[in-house]
1. From the Cα trace of segment 1-137, what convex hull volume per residue do you get, rounded to a whole Å³?
2. Which length gain, in nm to one decimal place, applies between E383 and K261 when the Cα-Cα distance is subtracted from 0.36 nm times their residue separation?
3. Taking just the alpha carbons, could you work out the radius of gyration and Dmax for segment 111-184, both in angstroms?
4. Give the Cα extents of segment 62-162 along the principal axes, in whole Å, largest first.
5. To the nearest 0.05, what FRET efficiency results for L221 and T285 with a Förster distance of 30 Å applied to their C-beta separation?
6. With all pairs of different alpha carbon atoms counted, what Kirkwood hydrodynamic radius in Å does segment 1-72 show?
7. Measure out, as a whole number of angstrom, how far apart the alpha-carbon centroids of segment 368-409 and segment 136-192 sit.
8. Restricting attention to the alpha-carbon atoms of segment 199-295, what are Rg (one decimal) and Dmax (integer), both in Å?
Amino acid sequence: MGLLRKLSQRGLVYQMTAEEKLSKLLDGPSLSFYIGFDPTAGSLHLGHLVPIMIARHLQIGGHRPILLVGGATALVGDPSERSLERTFESKETVSNWAESIGKQLKHFLEFNDNDQGAVLLDNYEWLSKLNHIDFLRDIGRHFSVNRMLSAESVKLRLESGISFLEFGYSLLQAYDYLHLYRNFGCVLQVGGSDQWGNIVSGIDLIRRVEQKEVWGFTCPLITTATGEKMSKTQAGGAIWLDPELTSPYEYYQFWINVNDKDAIYFLRLYTFVPGDEIDELALLTGADIRNVKEKLAFEATVLAHGREEALKAEKASRSLFAGQGNQEDEPTLEIPKTRLNNGISCLDLFVETGLCPSRSEVRRMAKQGGLYIDNNRIEDPLENLDPQSTARSILLRAGKKRYYRVNFT
């Protein structure tokens with residue numbers, strides 16, 4: 001099966017340039033391609049994972065990934081999919097985020113000295129050195145303002161307003177492609193569907209400046225069966241790839257609790273389980289769909305956090321939900337008994353464990369009857385626990401499936 005067709009069958013392709021040529025290109029000798037990530041936070045999340053999956057598939061197929069961290073473009077701000085201008089961050093903050101994201105990317109791909117070894121770059125290295133006048137004369141003259149105004153990312157912002165800074169973002173991303181073509185022989189850019197206009201701008205710039213043909217394709221915006229964006233599906237916000245922000249157990253639980261209708265779809269997108277095996281799993285119905293979700297949760301957690309952490313998360317999940325496994329595997333918060341004696345509320349516990357992202361969320365869920373301690377519904381989250389009647393170990397539950405154990409030591 002051709003590589004492009006394989007990616008399409010797994011739901012990883014949305015738009016592309018010159019499909020027939022691109023298909024032949026991907027089935028040919030090793031080529032260099034790039035995907036870019038602007039460091040707008042200290043970690044990547046599930047919204048970024050799809051292009052990373054594509055990069056891994058392409059690398060397995062014999063091609064070389066160039067992973068570009070936008071240390072410079074993040075200082076400008078991409079207007080795509082934005083109703084308002086991004087908050088300005090300091091250069092130091094963006095630099096720290098870029099370094100953190102670079103380390104995360106190295107977890108997903110192979111970095112070695114052969115033709116398929118991934119390369120990690122930061123566009124601050126070359127964009128920060130550009131001469132403004134030379135850039136406008138050599139690059140800016142190839143861009144039509146009329147065409148830039150017709151870009152979807154710009155049209156959506158014309159009413160609310162778009163700054164000259166953001167308006168020039170597409171020139172910088174296009175220049176990135178030109179730079180990577182000249183210095184690394186890069187002939188393919190991959191990105192999210194919101195990057196289509198920027199990708200096409202880079203392709204057009206290389207055609208005008210170098211008289212060469214290069215290619216691009218995008219992956220779809222991933223949504224759940226309920227229409228929510230993948231990066232925003234949990235009450236607490238994004239599902240981060242950083243284990244300090246979303247623990248391996250929480251990551252596993254996210255996947256085990258996806259909608260039944262999404263399980264097969266996500267298995268194709270977010271794992272490397274062979275297609276024929278997924279086809280067999282797709283035949284399962286009823287309670288057996290739990291097997292699909294366990295496969296999804298385990299394989300996705302292995303990919304993001306390693307096999308050892310995935311096994312721990314699996315054991316913890318079975319301990320809580322199926323009466324199997326060891327209680328030691330459960331996510332646990334240790335709190336000094338002195339705090340219990342001095343007064344600690346249910347609200348404090350649910351925020352500190354991360355089961356609820358804020359104090360207002362604790363109040364909301366309690367009002368809806370969604371918070372429990374040892375299967376006892378919490379009526380007043382502001383009430384302190386009774387030091388005399390509270391057990392040394394208690395189990396907190398938010399909703400139907402999110403648990404956390406608290407031990408008073």
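Here, each number is a calculation from the coordinates, and none is a lab measurement. Values in this document were obtained by computation on a predicted structure and should not be read as measured data. Note that we place each Cβ from the backbone using ideal geometry, even for glycine, and neighbour counts take in every protein chain shown.
1. Expressed per residue, the convex hull around the Cα atoms of segment 1-137 is 157 Å³.
2. Using 0.36 nm per residue and subtracting the Cα-Cα distance, I get 40.0 nm.
3. 15.6, 50
4. 46, 30, 27
5. That gives a FRET efficiency of 0.55.
6. Here the Kirkwood hydrodynamic radius works out to 13.3 Å.
7. Between the Cα centres of segment 368-409 and segment 136-192 lies a distance of 52 Å.
8. Cα radius of gyration and Dmax of segment 199-295 are 18.4, 59 Å respectively.
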